[in-house]
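Structure first, commentary second.
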Amino acid sequence: MKSYRGTPSIFEKASGEKKAELEVRNLSLSFGGVTALRGVDLDVKTGELVAVIGPNGAGKTSLLNTITGYYRAGGGTIRFNGRDITRVATHEAVRLGIGRTFQNIELFPGMTVLSNLMLARHLHCRYRFHSACCFSRAARDEEVRHRRILEEIIDFLEIQPIRKTLVGSLPYGMRKRVELGRAVALEPSLLVLDEPFAGMNMEEKEDMTRFLIEMNEGWGQTMILVEHDMSIVMSISQRVVVLNFGEKLAEGSPEEIQNHPEVIKAYLGEDVDV
């Protein structure tokens with residue numbers, strides 16, 4: 001991945017900055033009398049791409065929301081790089097290096113692609129309010145630095161032609177790509193992806209698969225992926241965790257999960273040839 005005018009590439013972070021060790025222990029979550037998660041354990045090591053699968057209502061998105069601070073766990077612990085983040089607010093989880101995409105796209109449809117990406121750089125802005133109002137030299141220089149980083153992301157995701165297009169006018173699959181770009185612009189050490197392939201046609205899925213593989217294998221990006229397309233999950237994941245009715249049913253390599261009898265029965269169907 002190229003950088004602009006000698007600026008260090010966003011994709012060439014030092015190994016220490018990429019550290020993303022997640023430990024989830026005995027996690028529980030309830031909504032009134034409904035139990036969404038019960039005693040869930042999850043480990044993610046730096047550089048891994050771990051998929052979380054399960055039928056609708058299994059607790060996959062609830063797990064992601066709890067890890068990223070959108071839901072408050074009812075019990076258990078979540079540790080990220082050795083720090084307890086069980087009670088950490090969402091914005092603090094982002095500052096600690098956890099970025100995510102959403103099952104339902106959370107972009108600003110009335111803004112351009114470039115503006116949506118630029119919003120994610122707020123985390124890395126160092127100039128103060130007064131400097132921004134006056135658009136001081138320091139503020140201008142920093143804006144240029146952020147734009148160079150976004151140019152890398154735009155080139156990587158192959159969205160140069162739509163950079164100035166309003167997001168609301170884009171096809172659904174392309175908006176998914178823009179949302180991935182916004183999450184990458186945060187420079188997270190752990191990237192959490194909630195159904196990034198939903199609503200895409202075959203060509204769009206192939207492109208997204210290519211991007212995720214390059215991010216994981218080429219940049220060392222650590223990822224948690226929730227996805228229903230089993231062909232994608234089994235082809236790009238190093239490890240798969242299966243949830244069912246809020247509990248962890250199985251965990252293992254894609255090959256082990258494909259041949260796990262309880263997974264076949266509970267999720268893929270007893271008569272499905274995997």
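Residues checked against (1) assigned to a helix (DSSP H, G or I); (2) open to solvent by less than 30 Å² (accessible area, probe 1.4 Å); (3) closer than 24 Å to Val167 by Cβ:
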position	(1), (2), (3)
Thr77	no, no, no
Arg87	no, no, no
Ala93	yes, yes, no
Gln103	no, no, yes
Glu106	no, no, yes
Gly110	no, no, yes
Leu114	yes, yes, yes
Leu119	yes, no, yes
Leu123	yes, yes, yes
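Take region 174-203 and flag every residue that is free of Cβ contacts under 8 Å to residues at least 40 places away in the same chain and of a type in the set (Lys, Arg).
Step one: list which residues in region 174-203 are free of Cβ contacts under 8 Å to residues at least 40 places away in the same chain, which gives 174, 177, 197, 199-203.
Scanning region 174-203 gives a single hit, Arg177.
Restricting to region 180-216, count the residues that are assigned to a helix (DSSP H, G or I) and of a type outside the set (S, T, N, Q). Write out each step before concluding.
Going residue by residue through region 180-216, those that are assigned to a helix (DSSP H, G or I) are 180-185, 202-216.
From what's left, of a type outside the set (S, T, N, Q): 180-185, 202-208, 210-215.
The total comes to 19.
In region 240-258, the residues that are without any contact (Cβ under 8 Å) to a residue 24 or more places away in the chain form Cβ pairs under 7 Å with partners that are open to solvent by 60 Å² or more (accessible area, probe 1.4 Å), at six or more places apart or across chains, as follows: Ala250/Glu262. Taken over region 134-168, the criterion of being outside any helix (DSSP H, G or I) and at pLDDT below 75 is satisfied by Phe135, Ser136.
Using the structure shown, decide if Gln238 is open to solvent by 60 Å² or more (accessible area, probe 1.4 Å) and touching an Asp or Glu at 6+ places or on another chain (Cβ under 8 Å). Can you show your working first?
Values: open to solvent by 60 Å² or more (accessible area, probe 1.4 Å): yes; touching an Asp or Glu at 6+ places or on another chain (Cβ under 8 Å): yes.
For Gln238, the condition - open to solvent by 60 Å² or more (accessible area, probe 1.4 Å) and touching an Asp or Glu at 6+ places or on another chain (Cβ under 8 Å) - is met.
The values are calculated or read from the model by the stated rules, or taken from the named source; none is laboratory data. Since we're looking at a predicted model, the values are computed, not measured. When we count neighbours, we look across all protein chains shown, and the Cβ atoms used for this are built from the backbone with ideal geometry, even at glycine. Calculation scope for accessible area: heavy atoms of the full protein, side chains included, ligands and nucleic acids excluded. Shrake-Rupley method; radii C 1.70, N 1.55, O 1.52, S 1.80 Å.
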